[in-house]
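These notes are about the structure you will find just below.
The values are calculated or read from the model by the stated rules, or taken from the named source; none is laboratory data. Nothing here was measured: the structure is a model prediction, and the numbers come from that model. Quick reminder, even Gly has a Cβ in these numbers, built from the backbone with ideal geometry, and neighbours come from all protein chains shown. Each accessible area value is taken on the protein alone, full model and side chains, heavy atoms only, with ligands, DNA and RNA left out. Shrake-Rupley method; radii C 1.70, N 1.55, O 1.52, S 1.80 Å.
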Amino acid sequence: MVLPRALARGWTAAAARAAQRRRRVDGEGASPGPEAASARAALYVHWPYCEKRCSYCNFNKYIARGVEEEVMSQCLVTEAQTLLRMSGVQRVESVFFGGGTPSLASPHTVAAILEEVARAAYLPADSEVTLEANPTSAAGSRLAAFGAAGVNRLSIGLQSLDDSELRLLGRTHSASDALRTLAEARRLFPGRVSIDLMLGLPAQQLGPWLGQLRELLQHCDDHISLYQLSLERGTTLFTQVQQGTFPAPDPELAADMYQEGRAALQEAGFRQYEVSNFARNGALSTHNWTYWQCGQYLGIGPGAHGRFVPQGAGGQAREARIQTLEPDNWMKEVMLFGHGTRKRTPLGQLELLEEVLAMGLRTDVGITHEHWQQFEPQLSLWAVFGASEEVRALLEQGLLLLDHSGLRCSWEGLAVLDSLLLTLLPQLQKAWQQRISLLPGDRPASPARPGGL
Amino acid sequence: MWTVVGRGCWRGRLQVSRVTRWLLGPPAAGSWATHRRCSSADFEEKFDMSRFPVENIRNFSIIAHVDHGKSTLADRLLELTGTIDKKKNNKQVLDTLQVERERGITVKAQTASLFYDFEGKQYLLNLIDTPGHVDFNYEVSRSLSACQGVILVVDANEGIQAQTVANFFLAFEAQLAIIPVINKIDLKNADPERVEKQIEKVFDIPRNECIKISAKLGTNVESILQAVIERIPPPKVQRNNPLKALVFDSTFDRYRGVIASIALFDGVVCKGDKIASAHTQKTYEVNEVGVLNPSERSTQKLYAGQVGYLIAGMRTVSEAQVGDTLYLHRRPVEPLPGFKAAKPMVFAGMYPVDQSEYNNLKSAVEKLTLNDSSVTVHRDSSLALGAGWRLGFLGLLHMEVFNQRLEQEYNASVILTTPTVPYKAVLSSAKLIKEYREKEITIINPAQFPDKSKVTEYLEPVVLGTIITPDEYTREIMMLCQARRAVQKNVMFIDQNRVMLKYLFPLNEIVVDFYDSLKSLSSGYASFDYEDAGYQTAELVKMDILLNGNLVEELVTVVHNVKPYRKNVLAKCYGGDITRKMKLLRRQAEGKKKLRKIGNIEVPKDAFIKVLKTQPDK
């Protein structure tokens, strides 16, 4: 596979290989570069096409009848360039190709995007560059080509090791395809392969599912994500369950699977560094870490989400951005305007803090006082949560910890975070309102701090 | 507030289904675009409707239980008569909406005029769409009143099902010629002889009248067309009388206004005529008339006995209500009998999942009701769920389809409260009678139920249900019916091992999860259908429990069993789509705050909804 354009520039295959040998990140993800937080970002690239619709998936994806890849590729490159300029981001810490099925894209497309990023901003040689790969569309030679294009980490949508479950999910691959792809991926990207495993499928039982997990532990690399199936309206599986074709997944059973699964992973030396994510040997995903730490990220491609301060365009506030969903419309917009941003919502300070809280608590380290202070220098975690009766009840039940290092979930608490947030979010809102009503005389300077970061 | 329940608990019901086409919107013009086009000379000749004297016209419809092959048969009939090209992929070509395809329910056989040569004469065969489901009983009866006969399709493997029976009796009561057709004789387990016997036993139709076909393979389908000509009489109409036309369907097209489907009982209608509606007394000028072949073909004129469409500047479907009579301006005629306005039988609250989507949902509801005047809409609001509406539907399927269309066509996500039925109360309090200005009132929102001290009696709607099941499940089904306060009316073996049960049910007993229970205790083999059977006096004590707002108390006791700290959503973050996750969390937190205000209970909303889904003891 020859990739002349990619090789011609700074972002080279050699750099990619160097990245594979990179030092492992221990602890809190990427080491920040010298730039200010507002000049750094992660980049998410959405490839919207799939071969076939999975029965459970409600992501923004399309079954393409002949993708004009040349045009698509050019548009992704253009949008990356535009958003990088608009955001004023100078350093891209990680790139994630998600979808859809990005492993269906040509390695040339991947190379072209990375090349553009490296041209328009600084893309360090050891930046994490992940590609989501589907076992059937990712033969070894293709994976190698993606490696040559600059990808240095793979996330394999394995989902299950049971062929009948894979059929139920509408996946195109079999369990043996999955294991073969996994082995191939590990050979090409040692220490840099993640797998997704689902739990809580209709009719799935605890014992056999744990069996799958144990078998996977024999074959897997250093990163695993466990996801509970969520039945989404509009999917085939949702309809089938509603019509009684399949039994509805039992949430109690799913909770048991999750508990047993995380225990098994812990025993196998994995650190649960986030609600759904497990890593050993320090193989945490820095890209996702950015999401949980409310770092900036740019989203390019149809339907991609982003969160950044459009500094290059004179913006002050951090914005939640969504790109146009339909690939054809998105391409038209990119060709006309340089980007297909459909929706921009400036985030208020309280909204941002809610995100810091909800995302931060998903990680095992939780929210440190320092981290919180970066977003809200005046109102400390103690001030928000320290006096609340309800929060105290959660602390006493051992679900939550608030101490000198910060606020975080206990091992038990991490499993029921969504329920904890139903207490914590209203408490934050309450404290925020009280602060506003107390403040005017006190803090003249601070309201002008719209976006954080 | 007490009616909050998530959707889905009564969902299995949709399998008995078949939906009328007005509900599913105007015929999608695009889907016809590929069908055969005539040369213009051909066209002129073919669409001069005066060529068809009444004796060469047959008006009929196809009725069947769901999945018994009505759509496939319609495809074949369209092909045989050259209405559409014979293609391998004419597979249920008329099912255009996602909701139809996904459910295997069919809107199918949009009214189509077929031209067929038989023994030297050219016949005009009008295949008239009838919604095959009892929710639309009234509409079915109106459609059937435009027909002189029906093709009753029964699956050679499954035999007679509940919906077959309901449909048969509608046709029988309308005194239509009935052509029984046993379909799917190509199937391995087909047993046409057994089905013949069932038809003889249940419908009293001689065995030799059954036509055995495979619509899929086309086997013996042509003989149906011959039977239509030979066994169904031509319409009894007078071309020389003044115009009398029945509206049996209407759809809304945003560019052309209302498109009414009409059947001419007398007279002629011509482009440019001034016409009037017997129901609204409004007058219109006819802009366009024509036949459906199956796409719209303008014809200048339609004559008595013929069936087609009419566009006359009507702006909303309520101006062309099903059952209405149209006549020439200043030439009024006796309206056709049986007109009544649509009467909703099932009510439910509908709320946006997210209040910020209220306006979007509102515009989606408005657009959908443009095509469906039978949905009634009242604004409503709930403490826990915010602003929404109380909607009235003809039945459960109607409600389900409406909701699904909101989701699929308008991408709206809604919470539907438990469906309730319209109760009546006969008032004793003079003060209340004065207030309501009548003695007998209908209550569509249980929150407004008058106290029993002010009431002589309560009435509840009842339906006559038909259940057909293999006999090994009879005992359990009878117990289920009893538990639902149903009164047995009839039990009959329709063959050696199949039983038909008839029960009178209080409607509120079947609106929530009856069909699901029936299906699960019969391993899916029992079928169910029902028809309106008026009102009956309701037991006061029971009604009290259900309706006096005590349900919140019941909730408290049930809620204690919920483990609020179990559920967690570990959904994958979609490319950093935090917004969705945060929305969900904020909404849940908001719901929790509100609930706390109501009952001092701390339970997330989804758990709250889940609790209400499980029915309290009956």
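Scanning segment A:259-279 for residues that are more than 18 Å from the chain's Cα centre (by Cα) and either more than 11 Å from chain B (Cβ to nearest Cβ) or among the acidic types (Asp, Glu) (or both) gives A:Glu260, A:Ala263, A:Ala264, A:Leu265, A:Gln266, A:Glu267, A:Ala268, A:Gly269, A:Phe270. Are there any pairs with C-beta distances below 6 angstrom linking a residue in segment B:278-301 that is free of Cβ contacts under 8 Å to residues at least 12 places away in the same chain to a residue that is assigned to a loop (DSSP other than H, G, I, E, B), with the two at least 6 apart or on different chains, and if so which? Close Cβ pairs (under 6 Å, with a partner that is assigned to a loop (DSSP other than H, G, I, E, B)) do not exist here.
Inspect all residues belonging to segment A:358-368 and state whether any of them is under 28 Å from A:Ala279 (Cα atoms), among the polar types (S, T, N, Q), outside any helix (DSSP H, G or I) and away from chain B (no Cβ under 14 Å). The answer is yes; a qualifying residue exists. Within segment A:281-296, residues that are at positive phi reach partners that are open to solvent by less than 20 Å² (accessible area, probe 1.4 Å) and of a type in the set (A, V, I, L, M, F, W, C) with beta carbons closer than 9 Å, at six or more positions or on different chains, in the pairs A:Gly282/A:Val25; A:Cys294/A:Leu352; A:Cys294/A:Val356; A:Cys294/A:Met359; A:Cys294/A:Phe375; A:Cys294/B:Ile578. Candidates are the residues of segment A:232-258 that are open to solvent by less than 50 Å² (accessible area, probe 1.4 Å) and of a type in the set (Val, Ile, Thr); the one that is nearest to the chain's Cα centre (by Cα) is A:Thr235.
Can you give me the ranges of the helices (runs of 4 or more DSSP H) entirely in segment A:1-112 with at least 3 residues that are polar (S, T, N, Q) and either touching a strand residue (DSSP E or B) at 6+ places or on another chain (Cβ under 6 Å) or modelled with pLDDT of 95 or more (or both)? Break it down into steps so the answer makes sense when it comes.
On the way: elements: A:4-8, A:13-20, A:69-87.
Ranges flagged: A:69-87.
Of the residues examined, A:Gly301 is one that is closer than 23 Å to A:Cys50 by Cβ and of a type outside the set (S, T, N, Q). Summed over segment A:230-239, the residues that are more than 10 Å from chain B (Cβ to nearest Cβ) and either touching a strand residue (DSSP E or B) at 6+ places or on another chain (Cβ under 6 Å) or modelled with pLDDT of 85 or more (or both) give a count of 1. Each residue in segment A:369-405 was checked for being open to solvent by 60 Å² or more (accessible area, probe 1.4 Å), within 14 Å of chain B (Cβ to nearest Cβ) and under 22 Å from A:Cys294 (Cα atoms), and 0 pass. Set side by side, the residues B:Glu173, B:Glu158 differ, and just one is open to solvent by 10 Å² or more (accessible area, probe 1.4 Å) and modelled with pLDDT of 90 or more, which is B:Glu158. Scanning segment B:354-402 for residues that are touching a strand residue (DSSP E or B) at 6+ places or on another chain (Cβ under 7 Å) and within 20 Å of B:Leu584 (Cβ to Cβ), we see that the one that is most open to solvent (accessible area, probe 1.4 Å) is B:Gln355. Please indicate, with yes or no, whether at least one residue in segment B:349-357 is within 14 Å of another protein chain (Cβ to nearest Cβ), assigned to a helix (DSSP H, G or I) and in contact (Cβ under 8 Å) with a residue 12 or more places away in the chain. Looking through segment B:349-357, at least one residue is within 14 Å of another protein chain (Cβ to nearest Cβ), assigned to a helix (DSSP H, G or I) and in contact (Cβ under 8 Å) with a residue 12 or more places away in the chain. Within segment B:414-470, restricting attention to residues that are at pLDDT below 80 and assigned to a loop (DSSP other than H, G, I, E, B), the residue that is nearest to B:Ala364 (Cα to Cα) is B:Thr417. Of all the residues in segment A:406-434, those that are more than 10 Å from every other protein chain (Cβ to nearest Cβ) and in contact with a Ser or Thr (Cβ under 6 Å, 6 or more places away or on another chain) number 1.
Checked against (1) open to solvent by less than 10 Å² (accessible area, probe 1.4 Å); (2) without any contact (Cβ under 8 Å) to a residue 24 or more places away in the chain, A:Ile156 passes all but condition (2).
Quick grid of which residues meet (1) part of a strand (DSSP E or B); (2) in contact with a His (Cβ under 7 Å, 6 or more places away or on another chain):
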{"site": "A:Glu165", "(1), (2)": "no, no"}
{"site": "A:Gly170", "(1), (2)": "no, no"}
{"site": "A:Leu179", "(1), (2)": "no, yes"}
{"site": "A:Ser194", "(1), (2)": "yes, yes"}
{"site": "A:Gln204", "(1), (2)": "no, no"}
{"site": "A:Leu210", "(1), (2)": "no, no"}
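Return yes when A:Leu188 is farther than 25 Å from B:Asp513 by Cβ, of a type in the set (A, V, I, L, M, F, W, C) and more than 14 Å from every other protein chain (Cβ to nearest Cβ) and no when it is not. When the stated conditions are applied, A:Leu188 passes them. Segment A:242-335 holds strands (runs of 3 or more DSSP E) entirely within its bounds, and those carrying 1 or more residues that are closer than 25 Å to A:Val416 by Cα map to A:271-274, A:277-279.
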